[in-house]
Amino acid sequence: MRVLRSIDELRSIRAHSIANAQKFGFVPTMGALHLGHAELMKVASDQSDISIASIFINPKQFNSASDLAKYPRTIDDDLAICTECKVDYVYLPEISDVYPEGFDTSITPGSLGSLFEGASRPGHFSGMATVVVKLFNIVQPDVAFFGKKDYQQLAIIRRFVTDLNFPIQIQGVETIRELDGLALSSRNAQLTKEERIEAPRFYEILKVFNRTFTSTESLNDAIAAALNEFQGLDHFQLDYFEIADQATLQPSRDISKPLVALGAILGSQVRLIDNQELQ
Ligand code: PAF
């Protein structure tokens, strides 16, 4: 595993891989790597001739300076995880390469960006989309890997890749969970003891919901039952729970289409998100 810091270095590796028709697989991250990121890197390394991860804490996708300051910085551990996962390269961009002096451009997702997470984190998806577009232009991968845990992020990326004609395949990777079902997230560390005990209920509610409908009527009953379960949580408040089209994320009850159940719950310090594609 080799660390790259400059765009020129990266471009010459990329040019070589294009000349040799090698598939270039990319996993963008903000560091604080956990087993969910490790899975993305393993999949990238298995499915690409050359795999590259990036670590860049993107200031533009945080809602406040204090959130950005609190974000864990664990570069030594992160690089050890990248080595274990056998990625070929890790790109650590200079801030001035991502946001040069006078930077004045942004990518603003349309309706997909204002729903759900977008409603409670104004500007977040614009900051995320702007940096992902920049990283795509710098790295020029053939395929990029993103976790399904951040379902809305994945849907927004798929949309702008189509809308802006990026020649990049976007691959969603299944959510990695703790043994008790809690989706892995760097935010889990901020749960109180009581919240951590109750947090796996989130996934249980989504799973039970997914099993208990076969028609639009039973879907409505299952939604009511799930809402009831969410309201019964002792340590979390429901932020949203919605059934939506997998691509547009517009709320839908049309069970003949690919749907996803998306939710967010609020603890004392932290907000958890999770989802289930419906079968
Ligand atoms: O999912 C993340 O870690 C970030 O949003 C991403 C895609 C690396 C962009 O900063």
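The values are calculated or read from the model by the stated rules, or taken from the named source; none is laboratory data. In this text the structure is predicted, and so the values were computed from the model without any measurement. Neighbour counts are summed over all protein chains in view; Cβ atoms, including those assigned to glycine, are modelled from backbone coordinates with ideal geometry. Just so you know, the surface numbers come from the protein's heavy atoms only, side chains and all, with ligands and any DNA or RNA stripped out. Shrake-Rupley method; radii C 1.70, N 1.55, O 1.52, S 1.80 Å.
Shown here for segment 81-121: chymotrypsin sites (Phe, Trp or Tyr not before Pro) in loop regions (DSSP other than H, G, I, E, B) with at most 10 other Cβ atoms within 10 Å, of which there are none.
Can you give the longest stretch of the chain with no exposed loop site, where a site means trypsin sites (Lys or Arg not before Pro) in a DSSP loop (not H, G, I, E or B) with at most 15 other C-beta atoms within 10 Å?
Details: sites that count: ARG5, LYS23, ARG73, LYS86, ARG253.
Excluding the exposed sites themselves, the longest stretch runs over 87-252.
Accessible surface ranking for THR175, THR108, 1.4 angstrom probe, highest first: THR108, THR175. For the chain, the equivalent ellipsoid derived from the alpha-carbon gyration tensor has semi-axes of 33, 21, 18 Å in decreasing order.
Past the 19 Å Cα-Cα mark, which pairs from LYS23/LYS60; LYS42/LYS86; LYS42/LYS70?
Working: LYS23/LYS60 30 Å; LYS42/LYS86 7 Å; LYS42/LYS70 28 Å.
Long pairs (Cα-Cα over 19 Å): LYS23/LYS60; LYS42/LYS70.
Counting only heavy atoms of the protein chains and using a 1.4 Å probe, GLU204 has close to 70 Å² of accessible surface. ASP8 exposes around 120 Å² of accessible area when a 1.4 Å probe is run over every protein chain in place.
Helix-only estimate, please: 222 nm mean residue ellipticity of the chain, summing -39500 (n - 2.57) across DSSP H runs of length 4 or more and dividing by its residues, to the nearest 500. The per-residue figure over the chain is -12000 deg cm²/dmol. Ignoring lysines fewer than eight residues from LYS257 along the same chain, the ones with Cα atoms less than 20 angstrom from its Cα are LYS148, LYS207.
Let me check something: with ligands and nucleic acids excluded, how do LEU227, LEU179, LEU278, LEU35 order by accessible area (1.4 Å probe), largest to smallest?
Working: LEU227 60, LEU179 190, LEU278 25, LEU35 120 Å².
Result of the area sort, largest leading: LEU179, LEU35, LEU227, LEU278.
For the chain, the residue among ILE170, GLN250, ALA21 whose Cα projects farthest onto the positive side of the dipole built from Cβ charges is ALA21. The HN-Hα couplings worked out from phi for segment 75-91 by the Karplus form 6.51 cos²θ - 1.76 cosθ + 1.60 (θ = phi - 60°) are 4, 5, 4, 4, 5, 5, 5, 4, 5, 4, 7, 6, 6, 6, 9, 10, 9 Hz, whole numbers, x standing for Gly and Pro.
For MET1, the solvent-accessible surface computed with a 1.4 Å probe is close to 90 Å², ligands and nucleic acids excluded.
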